[in-house]
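Colleague: I have a structure here, written as structure tokens, and I will follow up with some questions on it.
The values are calculated or read from the model by the stated rules, or taken from the named source; none is laboratory data. If you're wondering where the values come from, they're calculated on a predicted model, not measured in any experiment. Note that we place each Cβ from the backbone using ideal geometry, even for glycine, and neighbour counts take in every protein chain shown.
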Amino acid sequence: MEDLFHVAVCMDSYFLGEPTNYEVTALEDSKVYRFNKETVDSWILRYPSFNEFFRADIIESFIQVNEIRNHMITHPPSELISYLYRNYPLIFDKIPDKHIAQFMGITPEWFSKLKKKKKHLIE
């Protein structure tokens, strides 16, 4: 979702230099570019504008993903959905409910109930 995350980076793969255990699924038409850490590191040193992009967009994406994961670990689904509505409402406009439910680790039926309850409270 270009409006939300400009860049998708597998942090484990990037920092450890090993294949990730995760997958990225495109839910809309996308362009995917693959770079290894050595290439990115050389661009950071060689090109000041890429360094700015890296620091602004990639690190911000790392932080966003980490915050979402932390909420997933420390909060029940009812609080996670509230957090997502407050901070990332675009998710609910762009991503089908079945994918959000799968991401949250709950059934689509339970997600639907939570979504109705939380959306009513937030609006």
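Colleague: Residue by residue through segment 26-44, note down the ones that are surrounded by 10 or more Cβ atoms within 10 Å (Cβ to Cβ) and not charged (D, E, K, R).
Modeller: Across segment 26-44, the qualifying residues are 26, 27, 30, 35, 36, 39, 40, 42, 43, 44.
Colleague: Within segment 40-54, is there a residue that is modelled with pLDDT under 90, assigned by TED's automatic domain parsing to the domain that holds residue 116 and among the aromatic types (Phe, Trp, Tyr)?
Modeller: For segment 40-54, residues modelled with pLDDT under 90, assigned by TED's automatic domain parsing to the domain that holds residue 116 and among the aromatic types (Phe, Trp, Tyr): absent.
Colleague: Residues of segment 88-119 being in contact (Cβ under 8 Å) with a residue 40 or more places away in the chain and within 20 Å of the chain's Cα centre (by Cα), which ones?
Modeller: If the condition is that a residue be in contact (Cβ under 8 Å) with a residue 40 or more places away in the chain and within 20 Å of the chain's Cα centre (by Cα), then 88, 90, 91, 94, 95, 96, 99 are the ones that fit.
Colleague: Any chance you could count how many residues in segment 70-85 are modelled with pLDDT under 90 and either surrounded by fewer than 16 Cβ atoms within 10 Å (Cβ to Cβ) or in contact with a strand residue (DSSP E or B) (Cβ under 7 Å, 6 or more places away or on another chain) (or both)?
Modeller: 1
Colleague: Please work out which residue is farthest from residue 103 (Cα to Cα), limiting yourself to segment 26-44 and to residues that are outside any loop (DSSP other than H, G, I, E, B) and in contact (Cβ under 8 Å) with a residue 12 or more places away in the chain.
Modeller: 40
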